[in-house]
Amino acid sequence: MLQAPFPRPDSSKADDAASKPCKAPLRETQPHEAVATLSITGMTCAACSGRVERALNRVPGVEEATVNLATERASVRYRSDEVARLDLDQVVRDAGYEVIAVAEPANEALPLRDDAERDARVQERRALQRRLRIAAGFTLPIVLLDMGAMLVPPVHESLMTLLPVQVWRLIFFVLASVVQFGPGLRFYRTGWAAVRHGAPDMNTLVALGTSAAYGYSVVATFVPSILPPGANHVYYEASATVITLILLGTYLEALAKGRTSEAIRALLRLQPDTAHVERAGHFEEIKTADVVVGDRVRVRPGERVPVDGTVVEGRSYVDEAMLTGEPVPVEKAEGDDVVGGTVNQAGSFTLRATQVGADTVLQQIIRLVEAAQGSKPAVQALADRVVAVFVPVVLVIAAATFAVWLAVGPDPALTYALVAAVSVLIIACPCAMGLATPTAVMVGTGKAAQQGVLFRRGAALQTLTEVEVVALDKTGTLTEGRPTLTDVAMASGFEEREVLRLVAAVEARSEHPIAEALVRAAEARGLRLPRVDGFTASPGFGVSGTVDGRAVSVGADRFMAEQNLDVSAFAEEAGTLASAGKTPLYAAIDGRLAAILAVADPVKEHAPVTVRALHDLGLSVAMVTGDNEATANAIAARLGIDDVRAEVLPADKGIAVKSLQGAGYVVAFVGDGINDAPALAQADVGVAIGTGTDIAIEAADVVLMGGDLSGLVRARSLAQATLRTIRQNLFWAFAYNVVLIPVAAGVLYPFTGTLLSPVFAAAAMGLSSVFVLANALRLLRWSPTTQHRV
C-alpha cells in the first residue's frame, strides 16, 4: 500500500528527483541487445569514471553506458550484432584503465560474478600497499636528511661536514628517482591517458607537478650553471612527498571500496546448495540448481527451504524473518506456501516446487539489491568537481606564464620562464585538494565510530546531511525484535507468580516463539519449572497439560471457548492490549479462567526520543514494515510517526522508498533484516542496525553499532560537522591556489622585483597540506550538542 505520506514539495524539485539517473536501472533489453557488466580498476575520481563513460558511449552499437565509481563497475547496454563484448574491454583499456576478466554465470539466477573479481581487487590493494611502502621507505630519508636537518641547524652543519653538498644531492637524486619512476609511475600512465583523451585529471597534475619539482632538481644537481643566481635549489623531497601522500590517500580509498557485492554474496548463501528431491519413489540429494517446477522436495528440521513451493505433506514452523523481518516463525501446513531461503524450525514437510532458479523470491530480492547498488551515485565528491575545472586552468596558467616570461622577461628569459612555470606547477600541485576530502572523512568517520556509528561509504556523509525523510523498519529497528511478556492481569483468587510458574511449565514443551517468551519471563523471575504430564498442543489454538496435579491450559480466546470458559471478564483488558499492538493470551487452571497475558515485541528504549529528535531536526518520519496494520499503527501512534506502510513485502519496501524519492525527497532508510536489503540499497542513505543481519549491514551505507537507534541523530550531526570541514578545506585549498598561483607566475615582479622561488612554492604547498590536515583534526574535538544528545 503506497500512499503519498507528506505534503509534496514543489514540482520542479519532484521532477528533478524523478529524473535522477542514479536510481534508474538500465531498461529491459530488446532482440540483438545485450547487457554487460565490466569490472574496472584504476579509477580514482569522478573525472576517471566520466572519461570511461564517455568513451563507452561513443562506441557505435552502444545504446547506453553508466559507470559507477563506488562499485568500480560499468553497466553497458549494447547491440551484440554491432559490437563485440571484448571490444568494450578494449575501449576501457584504451582509456587508461584495466578490466578484470571474470566469468559470466551460466545460471541466470546467479547475478554475481565469480571470485576472480574479488581476487583481483585484493591483488590491486596489495600492489598499492607495496607501492606505498616503497615510496614511504625512500621518501622518509630525504625528508629527515634534507628538510628535517634544515630545521635543526647544528644537524644540518654536521651533515654538510660529513659529506659535500653535491654528494647529498646525488643521494637524494637516487632516492627520489626510485619514488618518481617506481611507485609514481602509475600517475604518469593514467595522467597521460587522460591527456590523450582531452580530459586531464588529478593524476595529470600530480605527474606534471612532481615532474616539474623532480626535473628542476635534476637540472640543479647536474647542470646548475643554466639556472639564474639564487635559484640553484633541489626539491627532491617535494616530489617524493607528494607522491607518497597521494598514494596513501589512494590506498585508504581502496580499503573502503569493493565490498558492495558482499550483500549479494550473503543473500546467495541463504540458498542451500542441495535439496532432497523425490526421484523414482524415493528421496535423493541433488543440486538445488537441478530442481525443476513440480518436483517434490523434502525439508527436514533445521534446514533452509531450497526453492519456493507449496506444502503438500507435513506440518512445521518456518522462520520467515529473511522475508518479513518478523521474529515469530509461521506455522506451515498442507496448502501453505513457503519461500526458498527461509528456515524450517521444527518438524518435517514436503513441498511441491512452484518457483525455481531466477524466479524465486530470494533471487528477486538479490536482483533488487544488485540493481540499486549498481546504479550511479547521485552525489559526486566535491574535490573531484573542483579538480575537474582546476586542472585544465592550472595547465593553461603554467603555459601562459612560460610564454609571457619567454617573450618579455629579462635575460636570461628562458631561465626565468622555466623558474616561473615550475613554481606555478609546484605550488598548484593538488596535494591540499587531494587531502581536503579524505582527511576530513577519515577523522569524521573515526570519530563516528567512537560514537557508535560506522560509515561504510564516505559519500553517505554528504547525503545524510541532505536527508528530508527517514523511513524506519519496525521489527528490530524500532522494536527489540523478539516477543516478550509485557502484561499480566489476574482473575480473582489467583496469584501471579504461581500462575506464571504453571503456565511456563506447560509452554516449555512447545516450540512456539510465544511460548519461549513466557518461559523467559518465568526464568527471569527465578521460577523453577515443574514436570508436565499429558502435554497436548492444538496448532493455532493453544497448549495444555497437567502440572503438579493441576490442569493447565494456555491459548487464544477460541481455545478457552472450546473449554467452555467465558473470557468476557477480561474484555476491556483484551481491547486495550490489542489496540496497543499486543497479542493477548488466556490461562485456565483447573477449569477456571486464571489470567490474561500479553506478548509483544517491545519498543526500544531510545526509539521515542529518537523520533522526537528527528522531528526537531525538521525531518519527517515514516514506518515501512511487513507486520500487520493494527500492530504497526499502534506502534506509530505511540512514537508519533508521520506515516505508516504496513504489510509490505521486501520488493515493496524498495518501491516504497523509490516512491518517496520520486516525490522529490532525499530518503534515509533504517532497517536490520534481510528483507530490508532492497530498501537499504535503494535509499539515498541506507542505515543498518548493527545488531541486525550481516546482509543488512553490507547493503547499508551507515551502520549503527550496538543497535542504538539514537546513533542516527548523532550520525547526522557529525556528518554535518564533517561536511563543513570538507567545504572549509576545499575553500582554503582552492583559495591558496587562487592567491599564490599569480604570485608564482610573477605578477609581483614588475612592482617589487620579487619572483617566487620554487623552494618557497614547495614550502607553501606543504603548509597548505598541513593546514588542511590540522583543520580536519579539529573534528577529534567534536561532541554531540545539547540538542542532539539523545
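The values are calculated or read from the model by the stated rules, or taken from the named source; none is laboratory data. This is a predicted model, so every value here is computed, not measured. With ideal geometry, Cβ positions are generated from the backbone for all residues, glycine too; neighbour counts draw on all protein chains shown. Surface areas here come from the heavy atoms of the whole protein model, side chains and all, with no ligands, DNA or RNA. Shrake-Rupley method; radii C 1.70, N 1.55, O 1.52, S 1.80 Å.
Applying 0.36 nm per residue to the separation of residue 279 and residue 225 and subtracting their alpha-carbon distance, the gain on full extension is 10.4 nm.
Ordered by 1.4 Å accessible area with all protein chains kept, 395, 464 run largest first as 395, 464. Using the Cβ-Cβ distance between residue 354 and residue 482 with R0 set to 30 Å, the FRET efficiency works out to roughly 0.45. Rolling a 1.4 Å probe over the protein chains gives residue 655 an accessible area of about 80 Å². Extension gain for the segment residue 407 to residue 538, taken as residue separation times 0.36 nm less the Cα-Cα distance, is 37.2 nm to one decimal. Under the simplified labelling scheme, the residue 58-residue 546 pair shows an inter-label distance of 9.0 nm, with each label point 7 Å from Cα along Cα→Cβ. Give 604/658; 332/604; 447/653; 582/604; 474/604 a once-over and call out the pairs whose C-alpha atoms are over 22 Å from each other. Going by Cα-Cα distance, 604/658; 332/604; 447/653 fall outside the 22 Å limit. With 0.36 nm allotted per residue and the present C-alpha distance subtracted, the residue 269-residue 160 stretch has 32.7 nm of extension available. With each label modelled as a point 7 angstrom along the Cα→C-beta vector, the residue 561-residue 727 pair spans 6.3 nm.
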